[in-house]
Amino acid sequence: MAAIVVPFLSLMFKYEIRGRLPQTGPYILTPNHYSDIDPIVTGYAVWKLGRLPRFMAKASLFKIPVVGWFLRRSGQVPVERGRSRTKAQSMEAANQIVEMGGAVIVYPEGTLTREPEMWPMRGKTGAARLALQGGIPVIPIATWGAQAVLPRWERKVRLRFRTRITVAVGEPIDLDEFEGRHTSKRAVDGATEKIMREITALLEDVRGAAAPAELYNPADHGQSEFGRPDAEPKQ
């Protein structure tokens with residue numbers, strides 16, 4: 001896959017990568033999510049940083065011809081929405097990756113952010129639960145620039161060679177205060193919010209701007225958690 005994808009992405013994107021990833025040992029990577037090509041952008045960055053990207057990705061992607069084959073063959077993890085049994089199986093698969101010393105990428109927002117200015121919104125608990133259950137380090141990542149190639153909620157790619165992509169890799173997040181409490185909703189929610197705050201702080205530095213004080217909650221604005229909103233917020 002790298003032989004096919006990397007030369008093309010080298011022409012498409014010009015990366016500025018801040019920070020490093022540990023070259024050994026398991027950890028969970030938690031990026032922000034604002035464009036449908038984020039996994040490509042993030043995966044390529046992780047590759048350039050010397051690790052194999054393994055994603056927890058929505059199961060519907062695995063049903064797409066060719067794409068699904070590549071996802072399965074490259075060891076990605078399918079996640080079904082709203083099905084407790086399949087979610088448990090996905091968590092087990094992710095655990096197997098980290099038990100082998102691998103890095104798994106989890107988008108804690110679960111979908112494209114609804115925040116009007118594309119700041120991170122309130123996260124789902126999967127990444128925090130996986131981290132607390134296995135005592136696995138969480139490393140936040142913030143990326144910016146993918147929207148110039150594929151804007152949020154659009155399907156038409158804008159081919160722009162050498163589009164600037166900035167990737168900031170943070171330090172492992174200190175979740176010691178929640179240690180041993182992976183069955184506690186309060187602890188998992190607290191860890192999730194801390195993860196989202198760390199991602200947001202990285203993105204503030206990348207964008208050179210301040211994010212809203214409160215994490216955006218789609219439910220407070222009459223929006224569904226998944227799928228494109230009826231009306232795209234002004235940007």
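The values are calculated or read from the model by the stated rules, or taken from the named source; none is laboratory data. Since we're looking at a predicted model, the values are computed, not measured. Note that we place each Cβ from the backbone using ideal geometry, even for glycine, and neighbour counts take in every protein chain shown.
Values as computed for the structure displayed
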read-out	value
Residue, surrounded by the fewest Cβ atoms within 10 Å (Cβ to Cβ), within region 60-84, restricted to residues that are polar (S, T, N, Q) and under 21 Å from Ala2 (Cα atoms)	Ser74
Residue ID - nearest to Arg207 (Cα to Cα), chosen from residues in region 7-59 that are at pLDDT below 95 and exposed (fewer than 13 other Cβ atoms within 10 Å of the Cβ)	Leu11
Region 208-235 - residue that is within 18 Å of Thr192 (Cα to Cα), of a type in the set (Gly, Ala, Ser) and surrounded by 10 or more Cβ atoms within 10 Å (Cβ to Cβ) and, of those, modelled with the highest pLDDT	Ala211
Contacts under 9 angstrom Cβ, first residue in region 1-29 being polar (S, T, N, Q), partner exposed (fewer than 14 other Cβ atoms within 10 Å of the Cβ) and not in a strand (DSSP E or B), 6 or more apart	Gln23/Gly50; Thr24/Gly101
Residue list for region 153-205, filter: among the aromatic types (Phe, Trp, Tyr) and over 13 Å from Ala128 (Cα atoms)	Trp153, Phe161
Every pair of residues 6+ apart whose Cβ atoms lie under 7 Å, when the first sits in region 168-195 and is within 23 Å of Gly43 (Cβ to Cβ) and without any contact (Cβ under 8 Å) to a residue 40 or more places away in the chain while the second is among the β-branched types (Val, Ile, Thr) and buried (at least 19 other Cβ atoms within 10 Å of the Cβ)	Ile173/Val138; Ile173/Ile195
Glu193 vs. criteria in a helix (DSSP H, G or I) and either at positive phi or not hydrophobic (A, V, I, L, M, F, W, C) (or both)	yes
Any hit, region 19-32, residues being among the hydrophobic types (A, V, I, L, M, F, W, C), out of contact with any Pro (no Cβ under 7 Å at 6 or more places or on another chain) and more than 19 Å from Ile173 (Cβ to Cβ)	no
Close pairs from region 123-138: first free of Cβ contacts under 8 Å to residues at least 60 places away in the same chain, partner of a type in the set (Phe, Trp, Tyr), Cβ under 8 Å, at least 6 apart	Leu132/Phe178
